[in-house]
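The values are calculated or read from the model by the stated rules, or taken from the named source; none is laboratory data. All values derive from a computational prediction rather than experimental measurement. Here the Cβ positions follow ideal geometry from the backbone for every residue, glycine too, while neighbour counts run over all protein chains shown.
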Amino acid sequence: MLVDNHIKQGFHALLTVTCFFSPLASAEEILIEKPINIAMSDWCPFTGNCGIGEGYIPEVIGEIFSRKNIKVNFYLMPWSRGLQRTSDGEFTGLLNPSQHGEASHFYFSKEPTGSYAYCYYTKKEDSWVYKGATSLSTRQTALIKDAGMGEDHAYINDPKNQDYFYHISLTDDYMDRAFKMLDSGRIDTFVNDFNVTEFYLKQHPIWKGKIKKAGCIKMNNVWLGLTPKFSERDRVVLVGEIYDQGVVELRNDGTLAKILEKYGVSDWEKIEFKIE
């Protein structure tokens, strides 16, 4: 679902008025006075305690705003908590919602923060293959609580289908719990982004030969989700615009490629993902 056009038009109108009376540089001074606080969850290599840093997205955002002497603070917390607190205006931004489902009421950057494809993982010897959301009705599947599940979101969150799913809070032990539940037989399947799962398997090779990818939803983008709180809308517009301009700048000068290489991921503008 796209952001409400009336909301976006109102934000864009506000930005036009702001920039008419003062240049963008002056508008940025508003942000310098007060740090930007952004919530994120442990979802490496996107965000979190990744061993080599806080994730590629915080590094990208940090670089963009540091070039303008604007301080950004990142706060690690469970996904559901960050979603709620950003919605309430306690945080200016949240990493990394999709534009549908759980955060459809947020204001979004125009430039994505990355791409994701949720994949369904089973034990290696399991013959089941994902063939759309309805094929999940024969399974017990673990997934991230309050996550946007792309084309499967409506089916997974339909109250009448809840007997098929375990909604697990996205904390730093989500992957550990999912693998152990699968190994013990408590679940038949778990869901996570392919980048996140591959990153975990590199750090925990003991599981690599025990699971297989049984199919994926189509790739979607994730974004810098900004609070819909009315009192924050002037800051939100400025933050979004600076991020959008900054990503283009980092891509053009090669900084983005260097950060992505560090985490072993590809530029979402160029990536091609084949659903197996």
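Values as computed for the structure displayed
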{"item": "Residue that is in contact with a Pro (Cβ under 9 Å, 6 or more places away or on another chain), outside any helix (DSSP H, G or I) and touching a residue at least 60 places away in the same chain (Cβ under 8 Å), where the choices are G225, G209", "result": "G225"}
{"item": "Meets criteria (within 22 Å of Q99 (Cβ to Cβ) and either at pLDDT below 95 or out of contact with any strand residue (DSSP E or B) (no Cβ under 6 Å at 6 or more places or on another chain) (or both)) for G150", "result": "yes"}
{"item": "Subset tally (residues that are part of a strand (DSSP E or B) and within 20 Å of L95 (Cβ to Cβ)) for the range 212-222", "result": "3"}
{"item": "Lone qualifier among V237, V196 - being crowded, with 18+ Cβ neighbours inside 10 Å, under 25 Å from S98 (Cβ atoms) and in the same structural domain as S184 (by TED's automatic domain parsing)", "result": "V196"}
{"item": "Options Y121, Y130; residue that is modelled with pLDDT of 95 or more and in a strand (DSSP E or B)", "result": "Y121"}
{"item": "Verdict on N69 being at pLDDT 95 or above and either crowded, with 16+ Cβ neighbours inside 10 Å or not charged (D, E, K, R) (or both)", "result": "no"}
{"item": "First in the range 35-52 and assigned to a loop (DSSP other than H, G, I, E, B), second anywhere and among the aliphatic types (A, V, I, L, M) and surrounded by 21 or more Cβ atoms within 10 Å (Cβ to Cβ), Cβ under 6 Å, 6 or more apart", "result": "S41/L170; F46/I57"}
{"item": "Count - residues of the range 133-187 that are under 20 Å from I217 (Cα atoms), over 19 Å from the mean Cα position of the chain (by Cα), assigned to a loop (DSSP other than H, G, I, E, B) and of a type outside the set (D, E)", "result": "3"}
{"item": "Residue list for the range 221-237, filter: hydroxyl-bearing (S, T, Y) and touching a strand residue (DSSP E or B) at 6+ places or on another chain (Cβ under 9 Å)", "result": "T227"}
